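Data block below; observations after.
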Amino acid sequence: MIEGKDILIVSTLGLSDLPTRKQRIARHLSERNRVIYLEPPSTSLGRMLRPDLPKPGIDTTNHNLIIIRLPDILPFGLKTPIIQQINERILLHYIGPILSELKFVPQILWTYLVDFPGLYEALKPELVVYDCVDDHSSYAGLRSPRFVNWLEKKVVGMSQVCFATTEELLEKIKPFQQNSFLVTNGVDADYFIQHPKTRPLDLQDMPSPIIGYFGAIQEWFDVELILQTAKANPMLCFVLVGPYTSGIKSSLNLPNVHLLGRKSYDEAPAYINAFDVCLIPFKKNNLTLNISPLKFYEYCALGKPTVSIPVKQMLPLADFCYLYDSERDFEWMIQTALSEDGNRNQERIQLAKDNSWESKFQLMFQKIEEISKLDIIENS
């Protein structure tokens, strides 16, 4: 157990976004340590396009967990080294006085973001942990994949311990840090099992069967697949729960497709419980096929059948889900899942329990304890 330390977590997501590994490790560590959670900065260009973005500042969720929303930085920082270095100075100039005022000296820097290795060096933590959950170079936007990979290599090189959620990510970082370990995503199965699951009001009059998705509906979501399948199967009710863009809404303007927008994570068990079949309908590419399927385990926690693209980590779990390669397969898999008699539900629930966040975090802490010679671990 890591205990009594000042830990700075650099994330790619806001703490209040739909919870993933990043927010969960922050909350877990804050139970026994002081934690500052740095939310990712926006660029000045991003602010112009989305003036509703949160402004820089500090929030305290509890006495042990503080959120710092970073100031805007310059665009093109992931394409141009000079701009990237200026951005590091902007962030250090902002963070430094806050840390001094809080008397917070980072003993552990735990990062998910590779953008600012110079900032991490300047903070002089005793231990750097890089938790690699994304292939940062594969994302679209104003970035150079080659430069992003170079930044990641620097972060890996300065880290004492690295983790990766998939074999592919592990293979990418292991040559630069031998103390790199595979730790896949997990789930808080008890949260889903024990949470109230009263049918949500906006599903009260929804006809069955409900084919559902709970999560962000972004550029990786296969809108065209849902559109064509919904057109061909008007008796199926597609319910998509999560934030989406106006373009996606106009593309899915069908009577049997329901975009319900963002819901709190507290509502996730109720919505997923109302689904007859759950979906992971992503576009197939290097990024999506190599994810660690957090959403799958959340669906399994309620015993639900999942129809998904053939994510590599799900291939050995094909007995618990339905993996499709084409639009025709997708329709057939949905119909096959609907015909289930429920005899696999308990096995899915057990699969979720076997992949708890608690077990994943304990493995990470164990590896840190084995590798670190800095006496940062105190056994309780």
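The values are calculated or read from the model by the stated rules, or taken from the named source; none is laboratory data. A quick note: this is a predicted structure, and the numbers were derived from the prediction, not measured. Heads up, the Cβs are rebuilt from the backbone with ideal geometry, glycines too, and the neighbour counts pull from every protein chain shown.
Per-residue answers, yes or no, for (1) among the β-branched types (Val, Ile, Thr); (2) surrounded by 15 or more Cβ atoms within 10 Å (Cβ to Cβ); (3) outside the structural domain of Asp202 (by TED's automatic domain parsing); (4) closer than 21 Å to Lys295 by Cα:
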position	(1), (2), (3), (4)
Leu236	no, yes, no, no
Val239	yes, yes, no, yes
Lys263	no, yes, no, yes
Asp266	no, no, no, yes
Pro269	no, yes, no, yes
Ala274	no, yes, no, yes
Original post:
Based on what the data block shows, is Phe320 without any contact (Cβ under 8 Å) to a residue 40 or more places away in the chain and surrounded by 15 or more Cβ atoms within 10 Å (Cβ to Cβ)?
Top reply: yes
*Kindly indicate whether Ala230 is surrounded by 23 or more Cβ atoms within 10 Å (Cβ to Cβ) and in contact with a strand residue (DSSP E or B) (Cβ under 6 Å, 6 or more places away or on another chain).*
no
Those residues of segment 1-51 which are of a type in the set (Ser, Thr, Tyr), over 11 Å from the mean Cα position of the chain (by Cα), within 26 Å of Tyr297 (Cα to Cα) and surrounded by fewer than 22 Cβ atoms within 10 Å (Cβ to Cβ) amount to Ser16, Ser30
Tell me yes or no: at least one residue of segment 68-82 is farther than 20 Å from Gly118 by Cβ and either touching a Leu at 6+ places or on another chain (Cβ under 6 Å) or touching a residue at least 60 places away in the same chain (Cβ under 8 Å) (or both). no
Residues of segment 31-89 being at negative phi, part of a strand (DSSP E or B) and not aliphatic (A, V, I, L, M), in sequence order, are Arg34, Tyr37, Glu39, Thr43, Asp59, Thr60, Thr61, Asn62, Arg69
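Yes/no matrix, rows are residues, columns are (1) under 24 Å from Val133 (Cβ atoms); (2) not polar (S, T, N, Q):
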residue: Pro281; (1), (2): yes, yes
residue: Asn286; (1), (2): yes, no
residue: Ile291; (1), (2): yes, yes
residue: Phe296; (1), (2): yes, yes
residue: Ser308; (1), (2): yes, no
residue: Met333; (1), (2): no, yes
residue: Asp341; (1), (2): no, yes
residue: Leu351; (1), (2): yes, yes
Exactly one of Val128, Val155, Val114, Val148 is assigned to a helix (DSSP H, G or I), crowded, with 22+ Cβ neighbours inside 10 Å and in contact (Cβ under 8 Å) with a residue 12 or more places away in the chain, and that residue is Val155
Scanning segment 158-170 residue by residue, those crowded, with 21+ Cβ neighbours inside 10 Å and either out of contact with any Lys or Arg (no Cβ under 9 Å at 6 or more places or on another chain) or part of a strand (DSSP E or B) (or both) turn out to be Ser159, Val161, Cys162, Phe163, Ala164, Leu169
Within segment 171-207, of all residues that are hydroxyl-bearing (Ser, Thr, Tyr) and closer than 27 Å to Cys237 by Cβ, the one surrounded by the most Cβ atoms within 10 Å (Cβ to Cβ) is Tyr191
If we keep only residues of segment 324-355 that are touching a strand residue (DSSP E or B) at 6+ places or on another chain (Cβ under 7 Å) and surrounded by fewer than 18 Cβ atoms within 10 Å (Cβ to Cβ), then the residue farthest from Ser208 (Cα to Cα) is Thr336
Subset of segment 1-49, residues in contact with a Pro (Cβ under 7 Å, 6 or more places away or on another chain), among the hydroxyl-bearing types (Ser, Thr, Tyr) and more than 21 Å from Thr245 (Cβ to Cβ), comes to Ser11, Ser44
Residue set Phe176, Phe221, Phe181; condition touching a strand residue (DSSP E or B) at 6+ places or on another chain (Cβ under 9 Å), under 22 Å from Ile291 (Cα atoms) and not assigned by TED's automatic domain parsing to the domain that holds Arg24; output residue Phe221
